[in-house]
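S.K.: Just passing along the structure, written as structure tokens.
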Amino acid sequence: MNNTFDKYAIKNDTWFLKNKNVLYSELKLVAYFLKNAGDTLSIGCGSGLFEMLLQKEYNITIKNGIEPSKGIAEIERALHDDFLQHYTICQAAEKSPAFSAYTDFLIDHVFNSPYPVAAASLLPCFWVYYKTGEYILKNTVNNNPYRKCIDTYSRDEYWKYTRRFIHIEENLEQKVAPFIREQMADAFTKDARHELRVLEEAAKQ
């Protein structure tokens with residue numbers, strides 16, 4: 001089972017972005033049954049796409065999830081169960097302006113852009129984190145307090161999924177009309193700028 005999930009882990013979300021009518025329908029159905037449901041466990045939460053949209057569109061918060069894909073699960077587990085336990089994480093006093101603008105940008109593309117453009121708007125999230133982790137790993141000092149986080153995003157497993165996403169986008173780029181290709185490039189560039197603003201905001205904290 002794990003091999004099957006690993007094979008389609010990245011394609012799962014991109015398929016939903018391509019088939020937005022299905023995404024809308026499933027989201028609405030899930031939201032209907034989760035109304036006033038209390039604590040909820042999401043099985044097969046993947047990247048958290050559904051959980052993010054349920055929070056944004058229906059104000060339904062899902063705090064717990066299980067992911068059967070070994071690769072995706074290992075990345076998330078390394079971050080949440082291993083890295084975050086070493087730090088005191090307090091609830092934010094206010095919503096992050098950079099993250100709010102970023103998530104609004106992504107959700108707008110997910111719901112309103114053609115599939116190749118929506119997917120292009122998500123790619124920098126993978127690519128920038130890997131390249132940032134790779135750069136920091138090569139230039140870090142000994143006993144860097146953020147080493148666990150750096151290792152998570154610079155590891156081969158994470159790069160494997162990023163490469164797969166890049167490959168999907170490159171294939172899409174070859175098949176679309178020139179004006180869609182321009183929209184893909186624009187979405188990719190703007191998303192990368194959002195990533196930069198998020199990093200800049202975090203650096204000022």
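Every number here is computed from the coordinates shown, using simple stated rules; none is lab data. Quantities reported herein were computed from a predicted structural model and do not represent experimental measurements. A quick note on method: Cβ atoms are made from the backbone with ideal geometry, for glycine too, and the neighbour counts reach across all protein chains shown.
S.K.: Checking the a/c ratio against 1.5 first, then a/b against b/c, what shape does the Cα gyration tensor give for region 94-192?
M.R.: oblate
S.K.: If a/c stays under 1.5 just call it rounded; otherwise compare a/b with b/c (prolate if a/b is bigger, oblate if not). Do that for region 156-200, with a ≥ b ≥ c from the square roots of the Cα gyration tensor eigenvalues.
M.R.: Oblate.
S.K.: Here's a follow-up. For residue 103 and residue 179, what is the calculated FRET efficiency with R₀ set at 25 Å and r taken between the beta-carbons, to the nearest 0.05?
M.R.: 0.40
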